[in-house]
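Below: the structure, in structure tokens.
The values are calculated or read from the model by the stated rules, or taken from the named source; none is laboratory data. Fair warning: this is a prediction, and the values are worked out from it, not measured in the lab. In this analysis, Cβ positions are derived from the backbone assuming ideal geometry, glycine residues included, and neighbour counts consider all displayed protein chains.
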Amino acid sequence: MKNFIDESKIAKDRGIEVVDKLQGAVVENEAVAARVGEKVFILDEKSEKISLITETIKSITSQINMLSLNAAIESARAGEAGRGFSVVANEIKKLAADTATSTVEIDNIIKEFKKIIEDTKTEMITAKQVIGNTSAMSKITGEAFRSIDRSVENIIGKIDSLTMDIVSMSKDKDNVIRTIDGISAVSEQSAATTEEISAAVEQQSANMVTISETAQQLYNIATELKDLIIKFKV
């Protein structure tokens, strides 16, 4: 029993150690999750700013397209003299078109990026909930192990007390056995004495019978003597 209790205490101590490490890991995970959450929030803000810049580029591109269209119209009106200006207007228009295409691509990338950020936010919320639940459960488990610790210590104390009681009972048992042996010896002696007394009583009883018989004989003799004396007087 003592070995079993000792093994239980060792297992309990290991359990408390594991729970303490788990609680430490949970605290560290909470800190990491908080830092990741801050980074995600910053990325979200940056993506919003990039979206605003993209919208500005779109607006500028639209204005450039309008200017290139006006330049093409003016160069057409100028005829041969406006041909060089028309070439420049076409290049500006092409640049604006390329910019618009790049802006659309950037906008699509930003949308995907923002979706990833939103998904990450959702996962972070779930992770925080899981970490919170794990933290709560680790605290409950830790308290349970500490309760077991108190119970085991209490049991060990009671076992020690019981062991002392058993040792005391063993000593008392030896005393009782010795007392019983003494009583047995006295009883044997008393039995022997009783037998002696009984034998003496039987002998005394026999003697009393003999005395009684002798007394009867004496009485008979006395009676006969009395009768003889009476006869002699006559």
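Summary of values
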quantity	calculated
Failed item in (1) modelled with pLDDT under 75; (2) exposed (fewer than 14 other Cβ atoms within 10 Å of the Cβ); (3) farther than 25 Å from ILE60 by Cα, with GLY84 passing the rest	(3)
Residue count for region 1-13, restricted to those that are at pLDDT 65 or above and either outside any helix (DSSP H, G or I) or closer than 14 Å to GLU143 by Cα (or both)	2
Which numbered condition ASN29 fails, given (1) crowded, with 16+ Cβ neighbours inside 10 Å; (2) at pLDDT below 75	(2)
Among (1) surrounded by 12 or more Cβ atoms within 10 Å (Cβ to Cβ); (2) at pLDDT 75 or above, the one test that GLY142 misses	(2)
Any hit, region 40-52, residues being out of contact with any Asp or Glu (no Cβ under 6 Å at 6 or more places or on another chain), farther than 30 Å from LYS128 by Cβ and either among the hydrophobic types (A, V, I, L, M, F, W, C) or part of a helix (DSSP H, G or I) (or both)	no
